[in-house]
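The values are calculated or read from the model by the stated rules, or taken from the named source; none is laboratory data. Here the structure is a predicted model, which is why all the values come from computation and not from measurement. So basically every Cβ, Gly included, is an ideal-geometry build from the backbone, and we count neighbours across all protein chains shown.
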Amino acid sequence: MNIVDPTPVRSHVVTTDVEACDVLVIGGGPAGSTAAALLAQQGRKVVLLEKAHHPRFHIGESLLPANVALFDRLGLREQIEAIGMPKYGVEFVSPDHDHTVALEFAEAWDKSMPYAWQVRRSEMDEMLFRNATAHGADTREGWRVRNVDFDADGATVQATHDDGEKRTWRARFVIDASGRDTFLSNKFKAKQKNPKHNSSALFGHFANALRGEGKLEGNITIFWFAHGWFWYIPLADGTTSIGAVCWPYYLKSRTKPVKDFFADTIALCPQLVERLKDATLVDDAVYATGNYSYTSTHCSGERYLMLGDAFTFVDPVFSSGVYLAMHSAFESVDVVTAALERPAQAAALMQRFERYMRKGPREFSWFIFRVTNPTMREFFMYPQNPMRVKEALMSLLAGDIYGKTPIWRSLRIIKTMYWLVSAGHPRRTWLAWTRRRRNIRDLGPLVGENVVEAK
């Protein structure tokens, strides 16, 4: 007996009708889904287009304590608790020191944010996407935006479904939350390689990796090694996400399959090797991504905003990506509202939004650019708290940079101490500076802009 699938097959179907909406959001990750939920909750007609289908793989699994309040505001605390591994702090492991250092978020200036979570992004992103649906957004998966044309009244957005169907929307406002696809930034030729940083990554998931006990089980570990640093992120399902963030010259030296090269890279860090002595690579899969660091000349225009990674990304060492993305979505609501209802106020709010979007990356970047420097490494490996500098640094690592916590004077003191210590070790400082200059050289394409899998 032949069984015929009753589902109609649509091949290269072109829909001539133009659908209207108030806001069209490109990308169903943390930024796009959060913005769509908030705007739909206001009663606006919101269309959210995601090129993939949830659940889909994504890296960036470690959240910050400042994320907790955002999940509370979305009403998703219980759901994220159910899928997350509690993360109370961070551990630093250095090849130049015989000891390790564990710092807790409870040591930050504001003691009310003592933990966050490690999450499977496939689970968290789907949760946020379905939340946008529940709040009234028209959420569609498998739709890739191909073109956006702006005019004085809004934008015409053309997209293609992965079955070939084509549709057109007429939107009064567009939010680009396309992540590292940087759709609008590419369209406007606004995307720029970060001149101060340049890195790429190899990563995979392991079963049976060693973990801490009790409260320490979910903590993230940062391992420094000769060509960059490793992340070590325990997940609630028993697997551990491990990635090597490397300088371009190192990945350029690869002459073997990615999986073998990743194994050789792990072998360069004996402390990590010890934790993986009984571990196995899940699905025999290793992933690679290149050209990690970039920014854009601007993140707003008369009828659009760029959120999160669609605007800029520096480095994942402090796990700031998801927090900055979701927080930018909350900040975007007032700008969109003004553009749609109070145009006379929109320009001023967009200028404020431009300043806001640069603040987070700027504050994190000062430390990111120096995290592999021996002087900064000493600060992390021998933490002290004169004038509350340790509390201020932990507040930064917790993501507490937009509130009223008075950390800025102490952070300036840390920076002053860094320069003084560097000046006291001129040869070490010169060698570190010249080495970094070599490390961040642009060596051309590495393994592509997007994540690719190699087995």
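Data overview
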{"quantity": "Options 190, 177, 209; residue that is of a type outside the set (Lys, Arg), modelled with pLDDT of 95 or more and touching a His at 6+ places or on another chain (Cβ under 7 Å)", "calculated": "190"}
{"quantity": "Out of 118, 158, sole residue that is polar (S, T, N, Q), at pLDDT 95 or above and crowded, with 20+ Cβ neighbours inside 10 Å", "calculated": "118"}
{"quantity": "Residue tally, condition under 15 Å from residue 141 (Cα atoms) and of a type in the set (Lys, Arg), over the stretch 152-173", "calculated": "2"}
{"quantity": "Positions within the stretch 254-297 being touching a Phe, Trp or Tyr at 6+ places or on another chain (Cβ under 9 Å), surrounded by fewer than 17 Cβ atoms within 10 Å (Cβ to Cβ), closer than 26 Å to residue 180 by Cβ and not aliphatic (A, V, I, L, M), in sequence order", "calculated": "297"}
{"quantity": "Residue match in the stretch 383-401 (condition: in contact (Cβ under 8 Å) with a residue 12 or more places away in the chain, polar (S, T, N, Q) and either in a loop (DSSP other than H, G, I, E, B) or not assigned by TED's automatic domain parsing to the domain that holds residue 423 (or both))", "calculated": "no"}
{"quantity": "Subset of the stretch 3-58 (residues that are part of a loop (DSSP other than H, G, I, E, B), modelled with pLDDT of 95 or more and more than 24 Å from the chain's Cα centre (by Cα))", "calculated": "42, 43, 44, 45"}
{"quantity": "Cross-chain or 6+ apart pairs with Cβ under 6 Å, the stretch 329-342 first and in contact (Cβ under 8 Å) with a residue 24 or more places away in the chain and in the same structural domain as residue 44 (by TED's automatic domain parsing), then buried (at least 17 other Cβ atoms within 10 Å of the Cβ) and among the β-branched types (Val, Ile, Thr)", "calculated": "329/34"}
{"quantity": "Number of the exception - residue 181 against (1) within 17 Å of the chain's Cα centre (by Cα); (2) assigned by TED's automatic domain parsing to the domain that holds residue 154; (3) surrounded by 23 or more Cβ atoms within 10 Å (Cβ to Cβ)", "calculated": "(3)"}
{"quantity": "Neighbours by Cβ (under 6 Å, 6+ apart or cross-chain): first from the stretch 217-243, in contact (Cβ under 8 Å) with a residue 12 or more places away in the chain and hydroxyl-bearing (Ser, Thr, Tyr); second buried (at least 23 other Cβ atoms within 10 Å of the Cβ) and assigned to a loop (DSSP other than H, G, I, E, B)", "calculated": "241/61"}
